[in-house]
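Input: a single structure, listed below in structure tokens.
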Amino acid sequence: MLGGDEFISSPPRKTVRFGGTLTDILLKYQKGETTDFELLKHQLSDPDIKKLPWLRRSREVVEEYLGFLGNLVSAQTVHLRPCLRMIVSQFVPPRVTIREDDVDISDSDDDDESLSENFNTCHRALQTVARYVPSTPQFLMPILVENFPFINKSERTLECYVHNLLRVTVYLPSLRLQILELIIEKLLKLDVSTPQQEIEDAEETANSSDSEEKSPEEGLFDMLPDCHFVYQEEDEERKGNTIVSSSSERMAHPLAERLDILMTILFSYIKDICHVDGKLDINNTKDLYRDLVSVFDKLILPTHASCHVQYFMFYICSFKLALAEAFLDHLWKKLHDPNNPSVIRQTAGSYIGSFLARAKFIPVVTVKACLDLLVNWLHKYIDNQDTGANAYCDVALHGPFYSTCQTVFYTLIFRHKQLLDGNLRKGLSYLQSLNFERIVMCQLNPLKICIPSVVNLFAAITRKYQLVFCYTIIERNNRQFIPVVRSGAGGDLVQTCTNPLDSFFPFDPYVLKRSKKTIDPFYQFWEELSAEDLENLKKPIKRGTSEDEDDDFLKGETPQNDGVVGIAPNSF
């Protein structure tokens with residue numbers, strides 16, 4: 001038991017409403033005098049009592065307080081919620097008041113050297129409460145939601161809170177799905193508030209400005225020993241329990257900076273949950289994959305034009321091919337199920353195309369299997385619709401069909417060289433078996449609806465390999481898209497819609513500086529085509545050449561799987 005002198009030497013002392021000090025009450029309780037102790041328990045509902053700074057006391061005091069907390073919630077569960085709120089309130093750094101222009105501004109204190117130790121103690125307290133009260137998770141989750149910092153709070157505040165939420169999932173696994181939903185929902189709000197064009201504009205402005213170089217700020221901190229995930233960055237220096245990031249890694253856009261830090265935390269968590277002693281743990285990975293797919297279906301799939309948050313699925317699928325194939329199969333079921341809303345089916349198609357195009361870890365055999373599924377579905381759709389009353393170009397009627405067409409076109413643009421690699425004759429035979437001509441020539445006219453840049457590249461590639469000639473249809477469609485000038489003076493130009501599907505490519509290039517280091521090794525980049533490549537696209541392949549000549553032709557044009565592919569129809 002703690003002695004009085006030792007307790008007093010651990011400032012500040014806290015008096016209680018009915019007289020005396022907390023030291024006296026604990027000493028009396030040790031001797032069997034419980035009256036004051038009972039009064040103290042009832043006063044815990046007082047906010048002033050709950051603000052007792054127990055975290056910054058000596059180790060002995062902290063141990064006594066944890067024991068007291070366990071006894072309190074086990075004897076009087078009415079105090080469970082106040083105790084949980086008190087613990088969760090410590091998941092962010094303490095507040096410090098900054099005065100600017102006679103205005104008090106509350107912000108996080110980044111200079112507390114014992115911050116990581118305090119967080120560790122908070123989690124011990126939460127584990128203690130959960131051990132005594134098995135129903136703790138159901139009372140804890142609403143408190144975690146209620147205390148989540150607003151997205152405009154400081155980067156440090158958001159970083160610490162998300163960090164601690166993920167730590168809770170380690171010892172309260174029943175809350176993992178709900179906590180992941182909460183975190184990803186907040187990340188999604190950040191993501192859609194910062195369009196990629198705004199981020200790029202902010203970076204360009206920052207790079208061209210002559211303002212003073214910003215001083216480095218403290219970044220991520222290590223997880224403590226009882227939790228596995230540790231945040232690592234290549235070009236950062238560790239200092240104590242923090243990582244000091246160079247100013248060059250900071251995002252110019254303030255919300256993008258917050259998103260970058262939080263995405264880095266999420267990626268690190270995924271990696272370390274799935275790996276045990278440096279090796280992939282299949283069971284852990286499967287369990288986390290199921291939770292992430294559930295969050296993906298609930299939050300990501302219905303959200304239009306998010307730029308970065310969806311990469312958590314990209315990242316976990318990179319661990320094992322079976323996960324990538326399971327994800328593609330999941331998206332395929334969403335796409336071809338007529339009971340799903342049209343917008344969900346179209347978005348699923350966009351995810352399939354972008355994933356097949358951009359995921360370097362997906363082999364050609366998987367790409368072929370997906371193309372076979374998609375193209376066969378397109379032909380069946382044409383069989384059912386091409387001669388009926390609805391056999392005309394209409395996005396509202398045939399949205400999933402057009403989205404699937406664009407998925408196939410986009411995949412072919414990125415992967416055609418790999419599909420033809422090694423044996424041009426065999427590759428051409430496979431592409432011819434897909435019968436693109438029937439898809440392009442059907443009454444539904446997909447070339448009119450798909451994004452023009454995708455259509456133009458698809459037309460150039462299929463012309464080169466004599467798979468289908470699209471230019472006649474493209475020219476006819478273009479004549480229908482001539483803008484109309486209503487005013488004779490040249491005003492009121494009516495612009496035509498070049499993206500009737502309102503489609504996007506969810507795995508377009510990732511631009512957040514810190515977290516992109518995690519994605520880049522698995523990502524298929526794209527470069528602008530040279531003038532020579534563009535000229536070669538105009539030259540059709542001559543049939544009847546020998547297999548050796550075909551291979552020689554491919555040597556100069558077919559990239560390896562880890563190489564860089566031609567131009568990117570990026571952010572159309």
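With the checklist (1) out of contact with any Pro (no Cβ under 7 Å at 6 or more places or on another chain); (2) within 20 Å of Val293 (Cα to Cα) in hand, flag the one item Tyr171 doesn't pass.
The failed condition is (2).
Tell me, please, whether a residue that is in contact (Cβ under 8 Å) with a residue 40 or more places away in the chain, surrounded by fewer than 20 Cβ atoms within 10 Å (Cβ to Cβ) and over 33 Å from the mean Cα position of the chain (by Cα) can be found in segment 427-434.
Within segment 427-434, the first condition is being in contact (Cβ under 8 Å) with a residue 40 or more places away in the chain, and the residues that meet it are 428, 430, 434.
Narrowing the set further to residues that are surrounded by fewer than 20 Cβ atoms within 10 Å (Cβ to Cβ) leaves 428, 430.
Retained after the next criterion (residues that are over 33 Å from the mean Cα position of the chain (by Cα)): 428, 430.
Within segment 427-434, one or more residues are in contact (Cβ under 8 Å) with a residue 40 or more places away in the chain, surrounded by fewer than 20 Cβ atoms within 10 Å (Cβ to Cβ) and over 33 Å from the mean Cα position of the chain (by Cα).
Of all residues being of a type in the set (A, V, I, L, M) and more than 18 Å from the chain's Cα centre (by Cα) in segment 314-344, which is most open to solvent (accessible area, probe 1.4 Å)? Just the residue, please. Talk me through it step by step, then tell me what you get.
So in segment 314-344, the residues of a type in the set (A, V, I, L, M) come out as 316, 321-324, 326, 328, 331, 335, 343-344.
Narrowing the set further to residues that are more than 18 Å from the chain's Cα centre (by Cα) leaves 321-322, 326, 335, 343-344.
Values: Leu321: 68, Ala322: 58, Ala326: 40, Leu335: 1, Val343: 95, Ile344: 30 Å².
The selected residue is Val343.
Could you check segment 45-59 and list, in sequence order, the residues that are within 24 Å of Ser114 (Cβ to Cβ) and either modelled with pLDDT of 85 or more or not in a helix (DSSP H, G or I) (or both)?
If the condition is that a residue be within 24 Å of Ser114 (Cβ to Cβ) and either modelled with pLDDT of 85 or more or not in a helix (DSSP H, G or I) (or both), then Lys51, Leu52, Pro53, Arg57, Ser58 are the ones that fit.
The values are calculated or read from the model by the stated rules, or taken from the named source; none is laboratory data. As the structure is a prediction and not an experimental result, all values here were calculated from the model. Please note: Cβ atoms are built from the backbone with ideal geometry, for glycine as well, and neighbour counts cover all protein chains shown. To get the accessible areas, we keep the full protein, side chains included, count just its heavy atoms, and leave off ligands, DNA and RNA. Shrake-Rupley method; radii C 1.70, N 1.55, O 1.52, S 1.80 Å.
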